[in-house]
2 protein chains.
Amino acid sequence: MAQKPSIPKGTRDFSPAEVAKRNYIISVMRDHFEKFGYQPIETPSFENSDTLMGKYGDEGDRLIFKILNSGDYLDGVSAEDLQIKNYKQLTPKISEKALRYDLTVPFARYVVQHQSEIEFPFKRYQIQPVWRADRPQKGRFREFYQCDADVVGSTSLWQEVELVQLYDSVFTALGLEGVIIKINNRKILSGIAEVIGASNKLIDFTVALDKLDKIGVEAVKKEMLEKGISEGALEKVQPLFHFTGTIHEKIAKLSTLLSASEEGKEGIRELQFICDNIAKLGLKKSILDLDVTLARGLNYYTGAIFEVAPPATVAMGSIGGGGRYDDLTGIFGLKNMSGVGISFGLDRIYLVLEELNLFPQTVTIATKVLFLNFGESQTFEVMKAITLLRNQNIKAEMYPDNAKIDKQFKHAERRGIPFVVKEILGSSFILKDIQTGEQMQLNITELIHKLSD
Amino acid sequence: MAQKPSIPKGTRDFSPAEVAKRNYIISVMRDHFEKFGYQPIETPSFENSDTLMGKYGDEGDRLIFKILNSGDYLDGVSAEDLQIKNYKQLTPKISEKALRYDLTVPFARYVVQHQSEIEFPFKRYQIQPVWRADRPQKGRFREFYQCDADVVGSTSLWQEVELVQLYDSVFTALGLEGVIIKINNRKILSGIAEVIGASNKLIDFTVALDKLDKIGVEAVKKEMLEKGISEGALEKVQPLFHFTGTIHEKIAKLSTLLSASEEGKEGIRELQFICDNIAKLGLKKSILDLDVTLARGLNYYTGAIFEVAPPATVAMGSIGGGGRYDDLTGIFGLKNMSGVGISFGLDRIYLVLEELNLFPQTVTIATKVLFLNFGESQTFEVMKAITLLRNQNIKAEMYPDNAKIDKQFKHAERRGIPFVVKEILGSSFILKDIQTGEQMQLNITELIHKLSD
């Protein structure tokens with residue numbers, strides 16, 4: 001009996017129009033990554049399990065897709081192992097490989113494994129799918145692309161400056177205006193933790209502070225007190241509750257606030273370097289802003305932290321993020337390799353461009369001209385003309401079967417093919433513009449000219 | 001303790017140079033696929049197991065990578081199921097998803113699932129990785145790309161003609177001369193089977209016949225007799241042992257040979273249509289040849305069969321193949337959908353281009369110019385210039401750290417960066433051509449001009 005076809009939940013088929021739009025975004029990213037000196041690498045879809053396990057916390061371990069060993073995977077498993085029915089214990093015995101969960105750990109593994117071939121500092125980009133056994137929901141998939149650019153082997157803050165420029169360049173090229181590149185620094189967060197006198201309350205503090213716009217100062221303070229942050233601490237960080245102004249005004253406020261914290265001051269120095277240079281070099285269409293509530297990747301980022309918000313008119317979460325991590329490759333035995341990188345959220349960028357109608361119309365126009373099929377007596381002449389057009393890089397097709405002319409016209413319309421050759425008269429072609437209805441009689445040279453971009 | 005990093009056997013990391021070369025081949029294929037009217041689709045990396053299992057024979061089932069269910073996959077498994085230790089029985093209970101094994105079955109599934117959205121005939125291409133738990137060996141990997149172009153929903157033989165042209169176009173664009181596109185037809189093979197009087201001996205017959213060049217007529221006949229093909233049968237197919245001449249001479253010989261087989265004659269008619277039209281339309285750099293020993297995909301191909309051999313100077317197996325299958329989507333419940341398609345072997349094409357030194361030199365040149373780092377006092381001026389260059393689409397970088405000049409020059413050389421800005425004097429730049437050693441003093445406009453392609 002025939003199966004009713006379906007795909008696993010959280011995965012997607014991409015139609016020609018969707019692939020074309022996704023490839024458009026990817027090709028813009030690729031162009032700009034390379035303009036900035038980032039080089040592409042690719043790593044295998046699955047890694048040895050011990051490369052991945054334990055790198056993303058318990059939750060991550062749970063969400064990693066494991067691949068069953070091939071052949072008789074039960075061969076070396078004892079009856080006892082099976083009897084206790086403990087899947088966590090059984091897994092490593094029947095599975096040694098797992099699907100890539102992100103691009104950062106495979107990159108770290110790549111750098112260590114190929115360190116003798118790599119010329120450092122190494123600026124690499126990587127655009128590949130990753131897989132997570134997350135509960136699928138709107139905008140969250142079990143298979144999705146990550147698009148990462150990282151530099152490893154340099155502590156220069158110019159890397160951070162460049163990464164801000166790179167974000168701006170890509171989003172500008174995609175036609176997006178007013179993207180907000182938010183920046184913070186792990187050391188500033190440490191400084192704030194010092195000031196509030198409780199580093200274990202830092203996340204509670206930033207989570208509450210992030211709600212300022214929504215719930216107001218009093219409600220935020222109330223939440224902080226409930227979380228066990230003291231009245232005295234709130235007093236000390238008072239300026240953060242009215243943290244407005246230009247990025248330089250904000251930095252000035254922070255300098256006062258964190259004057260007693262060496263680490264905080266170092267964070268401010270780093271931030272100032274990046275912001276000053278970006279201000280002098282200028283951004284095209286994006287806005288750089290300081291956001292002290294930005295605490296993503298608190299466990300691994302050690303310096304700058306980035307997060308990118310779409311233009312204010314679009315209600316959507318972050319479309320990118322990144323930061324500096326001082327010990328990227330330590331887990332694989334290569335110490336003192338500082339890295340800094342950013343990621344682009346392909347799926348969300350796609351939705352933003354769709355919402356703002358920013359995909360160029362030409363992106364989804366595949367075939368330029370369809371030659372109707374008038375029956376076997378003419379097909380050879382048609383294919384001869386099509387061969388000539390293709391040799392001139394014109395995307396041309398013949399309707400393959402001798403169907404009703406009406407059906408053939410509909411095919412062109414449904415496919416979004418803008419021109420149809422509806423008749424051949426001796427050595428001329430009757431070309432119809434589907435949109436305007438205009439008809440022209442052209443010889444082959446004129447036809448090539450008309451259809452060339 | 002630090003792990004010694006490695007990747008699973010049969011998988012590969014790709015370095016920047018390798019990715020650049022692979023992407024070059026893929027982009028040539030993509031351009032030509034689209035020029036011929038094929039549209040891209042993408043399907044998920046994993047499918048529901050029942051979409052894949054049973055579609056590739058027992059051997060295929062064994063080689064499909066299965067994904068362990070997430071969470072407590074032992075939860076619904078009975079103690080008995082575990083005790084008998086039969087992995088084949090256990091697999092479907094602990095794994096419902098599997099990695100894509102080829103692109104054809106997912107394509108068939110896609111067509112059936114999306115039939116109401118698809119405008120037929122549907123010309124699709126798909127370039128994605130597939131996974132097979134094969135024993136890895138030279139040139140055979142557990143993860144590799146397939147690059148397929150198929151048409152579904154048309155029985156027109158013009159599709160076959162176009163696919164021959166498509167092969168020729170891609171290989172010509174890649175600079176390959178003398179690629180041999182071998183063609184055969186399932187119906188001709190059936191005709192031969194009729195003539196030798198034993199369709200179950202067909203594979204034995206073609207395998208032996210394929211050795212003609214290597215071992216000579218007598219040895220081939222000996223092998224056929226040993227396989228149980230009768231003396232009388234060999235007498236009847238005598239012309240196949242001296243099967244030389246032009247493609248049209250070969251067709252003429254076949255016509256006589258298969259005159260008693262209706263199916264054989266139909267195969268010859270199809271072959272003749274394709275060969276005649278290709279002869280009249282002309283190929284650019286490839287050769288079309290008839291090879292009656294070509295029996296690939298005997299189980300599913302129903303009409304034309306293709307296989308592509310690299311130029312005679314390169315000792316390597318086929319670099320592509322394909323054919324027509326009359327019931328592509330039947331397994332998923334959609335009857336009467338004829339399909340015909342071809343596949344390109346990315347890995348082997350890569351090796352052929354490498355061997356013949358056909359990759360354009362520019363493919364692996366990523367960054368055009370490296371600005372040396374002369375210390376913090378000048379870095380801003382450098383980044384200002386670099387920003388201007390990048391805005392003109394010139395791939396430019398600054399060496400991020402203030403290292404010894406010698407080390408910085410070596411970085412440019414090792415990365416294959418052709419130009420270095422070694423000094424800034426007021427508003428001029430001292431540009432050095434790494435290859436020739438030539439030095440120029442240029443202002444920013446001249447620098448942009450010099451570095452633009």
Looking only at the stretch A:391-414, filter to residues that are part of a helix (DSSP H, G or I) and among the basic types (K, R); which one of those is farthest from the other protein chains (Cβ to nearest Cβ)?
A:K407
Just to be sure, is A:Y101 in contact (Cβ under 8 Å) with a residue 40 or more places away in the chain, open to solvent by 10 Å² or more (accessible area, probe 1.4 Å) and among the aromatic types (F, W, Y)?
yes
Please give the number of the condition B:V152 fails out of (1) open to solvent by less than 10 Å² (accessible area, probe 1.4 Å); (2) under 21 Å from B:D347 (Cβ atoms); (3) among the aliphatic types (A, V, I, L, M).
(2)
Only one of B:D406, B:D327 is surrounded by fewer than 19 Cβ atoms within 10 Å (Cβ to Cβ) and within 29 Å of A:I118 (Cβ to Cβ); which?
B:D406
Is it the case that some residue within the stretch A:71-78 is more than 26 Å from B:P136 (Cα to Cα), modelled with pLDDT under 95 and more than 7 Å from chain B (Cβ to nearest Cβ)?
yes
Residue count, the stretch A:352-364 (criterion: out of contact with any helix residue (DSSP H, G or I) (no Cβ under 9 Å at 6 or more places or on another chain) and buried (at least 16 other Cβ atoms within 10 Å of the Cβ)):
2
Regarding the stretch A:253-266, can at least one residue be identified that is in contact with a Pro (Cβ under 6 Å, 6 or more places away or on another chain), in a helix (DSSP H, G or I) and open to solvent by less than 30 Å² (accessible area, probe 1.4 Å)?
yes
Identify, by number, the condition in (1) closer than 30 Å to B:T387 by Cα; (2) more than 9 Å from chain B (Cβ to nearest Cβ); (3) open to solvent by 10 Å² or more (accessible area, probe 1.4 Å) that A:N23 doesn't meet.
(2)
Pairs, please: C-beta under 9 Å, at least 6 apart or cross-chain, first residue open to solvent by 30 Å² or more (accessible area, probe 1.4 Å) and in the stretch B:39-65, second of a type in the set (D, E)?
B:N48/B:E96; B:D50/B:E96; B:M53/B:D61; B:G54/B:D61; B:K55/B:D61; B:K55/B:D102; B:Y56/B:D102
Residue count for the stretch B:41-56, restricted to those that are within 7 Å of chain A (Cβ to nearest Cβ) and assigned to a loop (DSSP other than H, G, I, E, B):
4
What residue, among those in the stretch B:1-19 that are at the interface with chain A (Cβ under 7 Å from one of its Cβ atoms) and outside any loop (DSSP other than H, G, I, E, B), is least open to solvent (accessible area, probe 1.4 Å)?
B:V19
Could you tell me which numbered condition A:T387 fails, if it satisfies all but one of (1) surrounded by fewer than 20 Cβ atoms within 10 Å (Cβ to Cβ); (2) in contact with a helix residue (DSSP H, G or I) (Cβ under 6 Å, 6 or more places away or on another chain); (3) in a loop (DSSP other than H, G, I, E, B)?
(3)
For A:L90, indicate whether it is within 9 Å of chain B (Cβ to nearest Cβ), closer than 25 Å to A:P8 by Cα and touching a helix residue (DSSP H, G or I) at 6+ places or on another chain (Cβ under 8 Å).
yes
Every listed condition ((1) crowded, with 16+ Cβ neighbours inside 10 Å; (2) assigned to a helix (DSSP H, G or I)) holds for A:I229 save (2)
If I ask for residues that are assigned to a helix (DSSP H, G or I), open to solvent by 30 Å² or more (accessible area, probe 1.4 Å) and touching a Lys or Arg at 6+ places or on another chain (Cβ under 7 Å), which ones from the stretch B:173-218 would you list?
B:K201, B:D204
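The values are calculated or read from the model by the stated rules, or taken from the named source; none is laboratory data. From a predicted model like this one, the values you see are computed outputs, not experimental measurements. Cβ: placed from backbone, ideal geometry, glycine included. Neighbour counts: every protein chain shown. Side chains are part of the model used for accessible areas, which takes the heavy atoms of the whole protein and leaves out ligands, DNA and RNA. Shrake-Rupley method; radii C 1.70, N 1.55, O 1.52, S 1.80 Å.
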